[in-house]
Structures are given as C-alpha cells and as structure tokens.
Amino acid sequence: MTVELSNAGFRTTIEKLRLHSWLLGPGQPTEVIDCFPEANGDFTLIVDDRADTHISSADGRLYLGWFPEGRPGAEDEGWVLAVTGTAKVPGYRVVFDPQTPARLVAATVSEVLATARGQH
C-alpha cells in the first residue's frame, strides 16, 4: 500500500489561519429602536424606572424589550422579541443576551417588521 504524503494530515495556508475580526460588544441600542417607524401610531415605546425599554405594536402582538442589565428573574436576557401567534399558528420568542451586538438584533427586528402584514 502506498500513501500519498502530500494529501495526508492537516493542510491549510497562512491566509486561512489569520484571525478574523468579528462583530462583538453590545453596540448602541438605538440601532434597534430606530427600526420602529416614528409617530405613526403603530408602536408604543416605554422606558421604565429601571431604564429598561419596552416597545409593543398597537395590536399587542409584537413585543420588544431591551434590558441593559439583564431581565429581572431571567438569566442572560438582554433583548426579548416576541410575536403572539394565532388560534392556528403558534407565536415565537427570540432572546439575545445583553452582549449581542445591537446591529444583529436590529437585523432580526427589521426582518420581522418587513414580514408583518396588515389584515383588513
């Protein structure tokens, strides 16, 4: 049996071993809050006595909470996005820890808002 040594073992290049620069740190929560349309009456924004921010849709089905120090009684919950389901389809809840970059949370929120459809 002959073994081709040039194909054996771990092979890579110096370029592939270079460290990547990843988006880290919480960023600015305004990146997320700015996703919500201003003054159109569709969303209510409340900042409570702990400086936690709560945003809800006028119909009450979408909720976003920002808990800079973590949500009381919960572990590692900095952002909570929840959409209430219907009688036929369950809703969902997405949780991000306080260190999740706001830009990533904003991308998720923007996608949820873009898929919302009004029912007439």
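The table that follows gives values for the structure above.
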| quantity | calculated |
| --- | --- |
| Order by protection proxy (mean Cβ within 10 Å, highest first), peptides 14-21, 85-92 | 85-92, 14-21 |
| Three-way shape label, the chain, alpha-carbon gyration tensor, a/c 1.5 | prolate |
| Sequence-distant residues sharing a close amide H with GLY27 (under 5 Å, placed H) | ALA102 |
| Farthest toward positive dipole pole in the chain [+1 Lys/Arg, -1 Asp/Glu at C-beta], among ALA106, VAL89, ALA74 | VAL89 |
| Karplus 3J(HN,Hα) series, Hz, for the stretch 56-63 with 6.51 cos²θ - 1.76 cosθ + 1.60 (x for Gly, Pro) | 9, 6, 4, 7, x, 8, 10, 9 |
| Size of the stretch 44-100 as Cα extents on the principal axes (Å, biggest first) | 36, 22, 19 |
| Under the Karplus curve 6.51 cos²θ - 1.76 cosθ + 1.60, θ = phi - 60°, whole-Hz ³J(HN,Hα) for the stretch 87-101, x wherever Gly or Pro sits | 5, 9, 10, x, x, 8, 9, 10, 10, 10, 6, x, 8, 5, x |
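Readers should treat all values here as calculations from the given coordinates under stated rules, not as data from a laboratory. None of these values were measured; they are calculated from a predicted model. Cβ coordinates were reconstructed from backbone atoms using ideal geometry, including for glycine residues, and neighbour counts include every protein chain displayed.
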